[in-house]
């Protein structure tokens, strides 16, 4: 019995139609799902690698045209696309992944798919058939980069081909079904000009940060989840001269650098036997042997903070990284905690002294309640007195607590008038500084 004969048997024997001539909704979706399963079964009988996408699309198209006649042309095309995406792509997510306005996708089980647009979260109309449908999409994503997820290893970090960050967690750990979170990244790197256009920073702030990067200052970008740390790190990295050797270290490769002399390293989790793990800390230590001019760590969240600080203190000036913290002062406390996680029995004062000698600038990135992302502080670490780390804001964003006609907070970027001590180092590295920036 051929594929079309099998599908013929799945047609609604009653032939019941509504007043508008359409098949009942339940029967319609059941027919679509059955067509999908049979097309997939027919493909699986053959060597999957020998079937080209065009042939798959033709098989789906012919099947739908032959046996789904009760719906309009647009609806029929939607069925064809849905089945094709299920078989060759990421199923219902394909539509969201193609939408440039969607910055984040959050799948909370098959029935509830949330999206983020312009910093605001909405419930989308997209749905999966069932838990197994979500799991199939997760498997397709993680297997593409050699990762694995099952009940024994129910959590995984991965990435899409475009660098978008993916996290998945499945039952029994998740009680709402498979959960998938995708942080999308623009196919074109965000530029200096776009940050100004979006009101994320002032021209003077970015000119100063450009001078800091070219002047080989060590910079930490701090902020909460979804505040735009990686986007800002990409912009800062674009200021690095093209003749320098850059080593990037990440959990999931997502930095978008265009320099030619670039080495990208990515950590690796343990395999099913619990061996083979390569941590961020291992990669930071290895990077020191690779003759880098710059070391860029996507995010420090554990003991690798100690190795990063040591790298900054031993001639690898101009290093960049990000971390989770709510303010520049919190960043210092978080760095202390992460250094302690390295297992070294160091006194608190010694840790703080190392932080002060290693880190020059903290850039605080924040997502405001109106959904906008802004650089709220650019702060210099100026030294240590006793046990207290002294810091001074160079620029800050001050909000007035009022909303404009577009629902955004009113505020402005201000220079504090403080002339940074790090200017001498910037000038010493041959980079010009304009004192007008700080007035």
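The values are calculated or read from the model by the stated rules, or taken from the named source; none is laboratory data. All values derive from a computational prediction rather than experimental measurement. Don't worry about glycine lacking a Cβ; one is built from the backbone with ideal geometry, like all the others, and counts go over all protein chains shown.
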>> Residues that are modelled with pLDDT under 95, within 15 Å of residue 327 (Cβ to Cβ) and surrounded by 14 or more Cβ atoms within 10 Å (Cβ to Cβ): does segment 371-382 have at least one?
In response: yes
> Can you spot a residue in segment 181-192 that is closer than 30 Å to residue 259 by Cβ, out of contact with any strand residue (DSSP E or B) (no Cβ under 6 Å at 6 or more places or on another chain) and part of a helix (DSSP H, G or I)?
Replying inline: yes
>> Could you tell me how many of the residues in segment 335-382 are without any contact (Cβ under 8 Å) to a residue 40 or more places away in the chain and out of contact with any helix residue (DSSP H, G or I) (no Cβ under 6 Å at 6 or more places or on another chain)?
In response: 15
>> Which residue is surrounded by the fewest Cβ atoms within 10 Å (Cβ to Cβ), if the candidates are limited to segment 105-117 and must be in contact with a strand residue (DSSP E or B) (Cβ under 8 Å, 6 or more places away or on another chain) and part of a loop (DSSP other than H, G, I, E, B)?
In response: 112
> Could you list, in sequence order, the residues of segment 137-159 that are surrounded by fewer than 18 Cβ atoms within 10 Å (Cβ to Cβ) and either touching a residue at least 40 places away in the same chain (Cβ under 8 Å) or under 21 Å from residue 103 (Cβ atoms) (or both)?
Replying inline: 140, 148, 152, 153, 157
> Do you know which residues across segment 253-267 are in a strand (DSSP E or B), within 17 Å of the chain's Cα centre (by Cα) and surrounded by 16 or more Cβ atoms within 10 Å (Cβ to Cβ)?
Replying inline: 265, 266
> Any residue in segment 160-169 that is free of Cβ contacts under 8 Å to residues at least 12 places away in the same chain, outside the structural domain of residue 268 (by TED's automatic domain parsing), surrounded by fewer than 18 Cβ atoms within 10 Å (Cβ to Cβ) and in a loop (DSSP other than H, G, I, E, B)?
Replying inline: no
>> If a residue must be part of a loop (DSSP other than H, G, I, E, B), touching a helix residue (DSSP H, G or I) at 6+ places or on another chain (Cβ under 9 Å) and over 21 Å from residue 340 (Cβ atoms), how many such residues does segment 275-315 contain?
In response: 3
> What is the one condition in (1) on the phi < 0 side of the Ramachandran plot; (2) touching a residue at least 60 places away in the same chain (Cβ under 8 Å); (3) surrounded by 18 or more Cβ atoms within 10 Å (Cβ to Cβ); (4) not in a strand (DSSP E or B) that residue 318 does not satisfy?
Replying inline: (1)
>> Anything in segment 204-232 that is in contact with a helix residue (DSSP H, G or I) (Cβ under 6 Å, 6 or more places away or on another chain) and without any contact (Cβ under 8 Å) to a residue 60 or more places away in the chain? List them, or say none.
In response: 206
> Does segment 91-121 hold any residues that are over 18 Å from the mean Cα position of the chain (by Cα) and under 26 Å from residue 189 (Cβ atoms), and which are they?
Replying inline: 95
> Do you know which residues across segment 393-407 are loosely packed, with under 15 Cβ neighbours inside 10 Å and either modelled with pLDDT of 95 or more or part of a loop (DSSP other than H, G, I, E, B) (or both)?
Replying inline: 404, 405, 406, 407
>> Checking the structure you have, find out if any residue of segment 138-149 is over 20 Å from residue 186 (Cβ atoms), in a helix (DSSP H, G or I) and modelled with pLDDT of 90 or more.
In response: yes
